[in-house]
There are 2 protein chains.
Amino acid sequence: MTRNYNFSAGPSALPEDVLKQAQHELLDWHGLGLSIMEMSHRSKEFVAVAAEAEQDLRDLMKIPDNYKVLFMQGGASSQFSMIPMNLLRGKTTADYINTGDWSKKAIKEASRYCDVNVVATTEADNFTSVPAQSELKLNPDAAYVHYTPNETIRGVEFDYIPDTGDVPLVADMSSNILSRPIDVSRFAMIYAGAQKNIGPAGLTVVIVRDDLLGDILPTTPALYDYKVNADADSMLNTPPTFGWYLAGLVFKWLKAQGGVEGIAELNRRKAEKLYAVIDSNPFYSNPVAINARSWMNVPFILANADLDKLFLQEAQDKGLLNLPGHRSVGGMRASIYNAVPEEGVDALIAFMQDFSQRHG
Amino acid sequence: MTRNYNFSAGPSALPEDVLKQAQHELLDWHGLGLSIMEMSHRSKEFVAVAAEAEQDLRDLMKIPDNYKVLFMQGGASSQFSMIPMNLLRGKTTADYINTGDWSKKAIKEASRYCDVNVVATTEADNFTSVPAQSELKLNPDAAYVHYTPNETIRGVEFDYIPDTGDVPLVADMSSNILSRPIDVSRFAMIYAGAQKNIGPAGLTVVIVRDDLLGDILPTTPALYDYKVNADADSMLNTPPTFGWYLAGLVFKWLKAQGGVEGIAELNRRKAEKLYAVIDSNPFYSNPVAINARSWMNVPFILANADLDKLFLQEAQDKGLLNLPGHRSVGGMRASIYNAVPEEGVDALIAFMQDFSQRHG
């Protein structure tokens, strides 16, 4: 068995220890003689697995008791519809901050349900920055404010949590949840597709303040109703049991890394050393404003784009996988989520230095 | 490692060969040095896995070219909303046949979007039969007719496909898809949660005639729009990649069993021998009309309900797992889906005969 370093933006690297445990017990979970995938979601064993995963996530993120934690399906994109369906609550407008491709998708879908006010956009600088708090033209009557703390494609991450006063703040944390400590109480709702820092694709985590539940648009599908899901402990119907179980293993692994505080130190180190090479070596560059650079997704371009293909081929030959930038922007992107080990970043840096010496 | 016989109604048994292959390649898929779970859904490797799974399903079910096959999230229950949202197509009423708990759930959700005509119900006989074709009070103006070919909880299966004339027929085949040959062209749409005969929970297969797509209710979420999903090859956003991959392995396994035709012979044999014991041994009984008995879910009760607990305990001690009936009906239920081997049914029968001799 070979294990390469995987810089995929999502689905992305999972902790090797988690995969090994899942592999070990794949046909016989805890001596029961069947796979966790073959167990009823209503069995006492699976219910315990599910509850423990939720508790571990609550511990890791210090989620206050007045927040529900939902394990849903559909990905973050399904939340783009659910958010207005659940959180408009009689209002007709919502504020959205536009910092890139995922913001735009959220805006497009929300616009089908309400009037969207784009209260700030960084489109003019090609989404290479984040707006300052003072630039947010917030509406006190908005039902909520939505933003994307980390934009996966262009590697742009907010260095602050917007202050929205009494207006509920909603965050798509798909690509930076659990990467560093955050104060959950600043948010009305946090959501994340699992396939970056949580587990496999097909699971979506929603953390929502319980006073916001229960006032839905009339045409909301039952499975899109947060209250209905919360009241059923996310088991209105069969949940994605294997993903939920794997997320639980990832949470245990994260606790063993010192929790979010521990992994944050590692993430800072990984990101800083990679940006240091990009900034100090004229062969590489990154267009994002210093304060807005993502710890999770690090895009960079070569001084000579003709060498892109060779760079990617040589990287792959060295076991450095999935470095092409998103098809909409080109160049390179190293996604260095929690599960990408520091040695992977070190190997990438060594390769980048070597490649630039040979071709720079 | 021990492997027991698993009679769970869902999530349920998976083919052991499939689990073994998944286990073998869990950390290193085809020598790429990463898990299939860690791969981008847009990588050429995963796109090939996804396309091959679809083609194998098309082969197995002989799906005509004018049907789209979608790999979605949300379970069959999410389809209860999607069906009216997509298939009302300007009409305001739909026909539903009520043969049990899952029919009722589909009706309840559809009633939020249209006028539901219940065109037949077997509630009067406690859902132990299926209505005859002549008993269906079909409305020629209905947008579609919905039914549940197999009711998982009470073990009731249609022995015919309703003739609905020009009105599109929609079937929830969650618990009997791929269990025997069917003529797909008789249906406008077939859907199934994966966690019985397809793969792990979190994946839903939808087979829908392409002329029915594109005329949705205005408030339909993008991810609930069949046409949007079809146009994106079920990758509007990240699909449940591991479930899709596992479904593909199950389809390969099913081909190796002689396809749907081959497994149908096995399923017939498994069901017939189990019902034979229930009917011939006065210690056991099953209330379902002979013509409506499910090949997949076989409920039965003991003559003396005081022995239920002992029966279940002894069965479990012999490695015969998950035999309690659904909490709403009690008694026992043996779900004998494709992946439950004939030896498992033989072992159950041997135990039932032995138990009745000792306690009858």
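At a glance:
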read-out	value
Exam field: A:Asp163 pseudo-label spacings to other copies (7 Å along Cα-Cβ), nanometres	7.4
Relative contact order, percent, segment B:26-126 [alpha-carbon distance under 8 Å, six or more residues apart]	18 percent
Anisotropy class of chain A from Cα gyration tensor, a/c 1.5 cut	oblate
Distance between modelled label sites at A:Asp59 and A:Glu135, nm, 7 Å Cα→Cβ extension	4.1 nm
Nearest-first distances (nm) between copies at A:Asn291, label 7 Å from Cα via Cβ	7.7
Gap separating the Cα centres of segment B:122-157 and segment B:302-337, nearest whole Å	27 Å
Mean Cα-pair separation over length for chain A, i.e. relative contact order, pairs under 8 Å, 6 or more apart, %	23 percent
Segment B:259-359, relative contact order [Cα under 8 Å, separation at least 6], %	29 percent
Segment B:1-90: Cα Rg divided by the 2.2 N^0.38 Å rule of thumb	1.42
Pairs from B:Lys196/B:Lys252; B:Lys91/B:Lys227; A:Lys196/A:Lys252; B:Lys137/B:Lys227; B:Lys105/B:Lys309 whose Cα-Cα separation, in the structure shown, is over 20 Å	B:Lys137/B:Lys227; B:Lys105/B:Lys309
Inter-centroid distance (Cα atoms) of segment B:265-296 relative to segment A:195-246, Å	38 Å
Proximal charge balance of B:Ser185 [Cβ under 15 Å; K/R count +1, D/E count -1]	-1
Number of partner chain Cβ atoms within 10 Å, mean per residue of A:206-217	0
Pairwise centroid distance, computed over Cα atoms, of segment A:167-192 with segment B:43-67, Å	38 Å
Neighbour-count order for A:Arg3, B:Arg42, fewest beta carbons within 10 angstrom listed first	B:Arg42, A:Arg3
Gain on full stretching of the segment that runs from A:Asn304 to A:Ser185 - 0.36 nm per residue minus C-alpha separation	38.2 nm
Other copies of A:Pro218: label-to-label distances in nm, shortest first, labels 7 Å along the beta-carbon direction	1.3
Ascending count of other beta-carbon atoms within 10 Å, so fewest first, for A:Glu265, B:Glu343	B:Glu343, A:Glu265
Size of charge dipole - segment B:17-256 - debye, nearest 20, with Cβ of Lys, Arg +1 and Asp, Glu -1, no other charges	240 debye
Förster radius 25 Å - calculated FRET efficiency between B:Asn66 and B:Arg112, Cβ distance, rounded to 0.05	0.25
Cα-derived Rg over Rh, computed across segment A:1-43 with Rh taken as Kirkwood radius	1.11
Helix-derived mean residue ellipticity, 222 nm - over the protein assembly as shown, DSSP H n ≥ 4, -39500 (n - 2.57), to 500	-11000 deg cm²/dmol
Most mobile of B:Leu169, B:Leu323, B:Leu302 in a GNM of chain B (Cα contacts under 10 Å)	B:Leu302
Order by protection proxy (mean Cβ within 10 Å, highest first), peptides B:86-92, B:35-41	B:35-41, B:86-92
Rough spin-label spacing in nm, given labels placed 7 Å along Cα→Cβ, for B:Glu16 and B:Glu265	2.2 nm
Convex hull of the protein assembly as shown built on C-alpha atoms - directionally averaged projected area, nm²	30.5 nm²
Additional length obtainable on full extension of the chain from B:Ser285 to B:Glu343, 0.36 nm per residue less Cα span	18.7 nm
Ranked B:Arg293, B:Arg112, B:Arg327, criterion: other C-beta atoms within 10 Å, fewest first	B:Arg327, B:Arg112, B:Arg293
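Bear in mind that the values in this text are calculations on the coordinates, not laboratory data. Model, not experiment: these values are computed from the prediction. Heads up, the Cβs are rebuilt from the backbone with ideal geometry, glycines too, and the neighbour counts pull from every protein chain shown.
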